[in-house]
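To start, the structure itself, in C-alpha cells.
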Amino acid sequence: MIGLKGVWITQKIMAFNEAERLYASKDLVAAEEWYQKARGNHSIQYKELELAARLQMLAPITAIKQSLTVIAEEADDAWQARDFAVLMQVYDKLQQIRGTYMVPKSQYASYYRQISGTMQLSERIIEHLQQFKRSFDEQMTDNIKKRLFEEETFRANLLHIPAFIYGSSAKKEQQLRTKFKLYDEAKLAHLASGGNFQGMLSEAVRLINVYAELNFTSSWVYPKTEKLAATMMEKDVEQDQVSAFIIHAKAYTSFMDSTHKDSGMQTYLRNQIRAWMRKAGKLVYKGNYQQGIDLYNMLAAYQDTKAEIKAAELVWAIAEPARLLPALGSNQSYSHVINGQHQFGAKTYVIAVDPSNRLTYARWDNADQIQSWNMVLPEDISSIRRLSIEKHLSTKSQPVLLLETASETRKAKYTAFFAGVDPQIPLFQFEADGYETAADGSLLVSNPNVADAAGRNAIYERHGSRYQLMSFQSDYTMIAAQDLLNYYNVKVQFTCNIVLLEGGDVYGETGSGYVKLTGNYPFQTGLITVTGSFHEYAELNVNQELYKIPVFQVELAEQPK
C-alpha cells in the first residue's frame, strides 16, 4: 500500500507539472484536463492553492467540457432508445450552448471547437440524425409497400431534421417534396382503388391541413385528388350509376368548398347533371314516366327537381288518369272509367266505380293540387249500365254525372248528381225511355214512369237543387191542312172543312185538295180540328176525275176554338 500510494503521489505531481507546462504553452483545454486529473488525485496535498486558482481561471473551459459531455451522452441514449423527439431536444440544447460560446469575437470559440472536435460531437450528432432520417425514409417505403398508412410521424420528423443533413435548405425541400408526393399520391390512390371516395377526400383535406401546420407547401395533393375523383366519377357515368355519382359529386363539391379551390370539375359536374336532366326529360316525353321520375328523384339529392317531378307526374296522369285513383287489391279493377283533360277546373281528371260500389272522382286541379272525392252509389253495381258526364248540365268547375241503371218498367233509370256531392241527393232521378236536354236547361223526358205520363213526353224544370216534373208535352205537331202531305206517318193536328159525307166516308177540304178522314167519331160538315196521322192513300172521284188523297186516321176530333 505504501508503494501504491507512492505511485499516486508521483502521478499527481506529474499531472500538475504537465498542466503547468500546457498552461504555459497556451494549450488551455489540455491544461484544464491535467489540472482536473491532479485535483482528482487525493494521495497528497500538493500545491492545492495554485491548483484551485488555475481551475478557477479555467472554469469556462470546464463548463464547456461538462455541457458537451452531457450532450454527447444524451444524444447516444436518444438513438439507443430510438427517441427522435429527445434527440431533437438534445440538438436544440447543443445549439443553445454553441450559441453561447460561438458568438463573434468570443474568447471561448476556439476552446469550444477544440473540445467539440476532440469529442467528435458533431460527427456523432450527424450520424444519429442520418440514422433517424434513414429510418423515416424506410417507414414511408414500407407503408407504401404494405399499403398500411397508419403511422405517419415521419412527415414532421423529416421536416425537423436540420437542413445540413440534406445538404442545404433547397435540397431538403426538393427531397422532401419528392418523397411526400410519392407517398401521399400512393395513399390517395390506394383509398380510391378501394372505392373509398369520401375517405380519399377526407385524407386530402387532412394532408392539406397537416402540411399547412408544418408550414410546408403541398401543391400535389389537390391535383392528384381531383384526378382520382374525376376517374371515379367518370366510371360512375360509364356504368350509369347515377346515385353513386350524386354522392360523389356532393362530396367533391364540399371538398372544393372546404379547401377554397375552384377547378374544371365544377363545370364537369354541372354538365353531367344537365345531361341526366335532359335524359330524364326524354324518358318522360317518350312515355317512360316511372324511369324519368326515378331519375329526377335521384338527381334531387344534388339539386332541386321538384318542379320537374311534378310536371312528369302531371304528364303521366294526363296519359294515364287512372293513376289518380286509389290502388285496389289484387284481382280487382275499376269499372265505368271516365277521364278527360282541361275541364272542370282540372288539368286532368278521372271518375270510376270500384268493386265495392264506391264512385271515386279524382282530379289534378289547376293549382297543381290532387283532390279526390268518394261517393257510395245508390244503385247496386250489377245494375249499372252506363256512367257518363251530362255535358249540358255540368258547370265549368264541376261535372254532373249521369248514372243509367236497369228499370223493370222503362228502358232505364236515370240518376244525375254533381261529382263530389252525395248521389243520394240527386239533381234528378226518374225511370223513362229516354230524355233530352233543352237549350234552356229543361228536360224532355220520354214516357216517364209517373201518373198520367204513359206514352207522353214530360217536361222537367230545375227548381233549386233538383229537377221537378212541370208539365207534359203535346205528342203531335200543329200544321196547316195543306201541308199534310209533308208529314207522312207523323202525328199532327190541323183544322179542315168537312165538305162531303158519302157512303159513310168523310172527306175534308185542305185548301190544296182533299183528305179522307177515318175514325170512330160522329163527323158532320163544317170546320173541325183533328189530331192523328196518315199512313196510306185512297182514290176520290170528283166530277168524273180521280184524285189520290191521303187517308188520315183521326185519334181526336173537336170543334175549333
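Data table
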quantity	calculated
Failed condition for residue 296, given (1) crowded, with 16+ Cβ neighbours inside 10 Å; (2) closer than 20 Å to residue 198 by Cα	(2)
Whichever residue in the stretch 24-46 is modelled with pLDDT of 75 or more and not polar (S, T, N, Q) and, among such residues, is surrounded by the most Cβ atoms within 10 Å (Cβ to Cβ)	35
Single residue of the stretch 115-133 satisfying the filter (polar (S, T, N, Q) and in a helix (DSSP H, G or I)) that is most open to solvent (accessible area, probe 1.4 Å)	118
Which listed residue is over 21 Å from residue 359 (Cβ atoms), acidic (Asp, Glu) and free of Cβ contacts under 8 Å to residues at least 12 places away in the same chain, from 452, 440, 433	440
Residues being assigned to a strand (DSSP E or B) and surrounded by 14 or more Cβ atoms within 10 Å (Cβ to Cβ) - total across the stretch 450-476	9
Any hit, the stretch 346-353, residues being open to solvent by 20 Å² or more (accessible area, probe 1.4 Å) and outside any strand (DSSP E or B)	no
Unique residue being at negative phi, of a type in the set (Gly, Ala, Ser) and surrounded by 16 or more Cβ atoms within 10 Å (Cβ to Cβ) when the list is 388, 394	394
Yes/no for residue 112 being touching a residue at least 12 places away in the same chain (Cβ under 8 Å), open to solvent by less than 50 Å² (accessible area, probe 1.4 Å), out of contact with any Phe, Trp or Tyr (no Cβ under 9 Å at 6 or more places or on another chain) and part of a helix (DSSP H, G or I)	no
Pairs where the first residue, in the stretch 263-288, is open to solvent by 20 Å² or more (accessible area, probe 1.4 Å) and the second is modelled with pLDDT of 95 or more and not acidic (Asp, Glu), C-beta under 6 Å, 6+ apart	283/291; 283/292
In the stretch 229-262, the residues that are of a type in the set (Ser, Thr, Tyr) and surrounded by 14 or more Cβ atoms within 10 Å (Cβ to Cβ)	252, 253, 258, 259
Pairs, first farther than 15 Å from residue 551 by Cβ in the stretch 501-515, second surrounded by fewer than 18 Cβ atoms within 10 Å (Cβ to Cβ), C-beta under 8 Å, six or more apart	501/524; 501/525; 509/497; 509/499; 511/480; 511/482; 512/482
Residue 72 surrounded by 12 or more Cβ atoms within 10 Å (Cβ to Cβ), part of a helix (DSSP H, G or I), at pLDDT 85 or above and under 60 Å from the mean Cα position of the chain (by Cα)	no
Residue check for residue 89: at pLDDT 90 or above and open to solvent by 40 Å² or more (accessible area, probe 1.4 Å)	yes
Residue count for the stretch 360-394, restricted to those that are outside any strand (DSSP E or B), in contact (Cβ under 8 Å) with a residue 40 or more places away in the chain and under 44 Å from the mean Cα position of the chain (by Cα)	5
First in the stretch 134-154 and over 15 Å from residue 82 (Cβ atoms), second anywhere and part of a loop (DSSP other than H, G, I, E, B), Cβ under 6 Å, 6 or more apart	143/149
Positions within the stretch 499-524 being buried (at least 19 other Cβ atoms within 10 Å of the Cβ) and not hydroxyl-bearing (Ser, Thr, Tyr), in sequence order	506, 508, 515, 516, 517, 523
Single residue of 432, 481 found to be buried (at least 16 other Cβ atoms within 10 Å of the Cβ), in contact with a Cys (Cβ under 6 Å, 6 or more places away or on another chain), at pLDDT 90 or above and not hydroxyl-bearing (Ser, Thr, Tyr)	481
Candidate set: the stretch 525-561, residues that are among the polar types (S, T, N, Q) and touching a Ser or Thr at 6+ places or on another chain (Cβ under 6 Å); chosen: the one least open to solvent (accessible area, probe 1.4 Å)	529
Of all residues in the stretch 160-195 being surrounded by fewer than 14 Cβ atoms within 10 Å (Cβ to Cβ) and outside any helix (DSSP H, G or I), the one that is nearest to the chain's Cα centre (by Cα)	195
Members of the stretch 395-425 that are part of a strand (DSSP E or B) and hydroxyl-bearing (Ser, Thr, Tyr)	405, 414, 415
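The values are calculated or read from the model by the stated rules, or taken from the named source; none is laboratory data. Just so it is clear, the structure is predicted and the values come from calculations on it, not from any experiment. With ideal geometry, Cβ positions are generated from the backbone for all residues, glycine too; neighbour counts draw on all protein chains shown. For the accessible areas, the whole protein counts, side chains as well, though only heavy atoms, and no ligand, DNA or RNA atoms are used. Shrake-Rupley method; radii C 1.70, N 1.55, O 1.52, S 1.80 Å.
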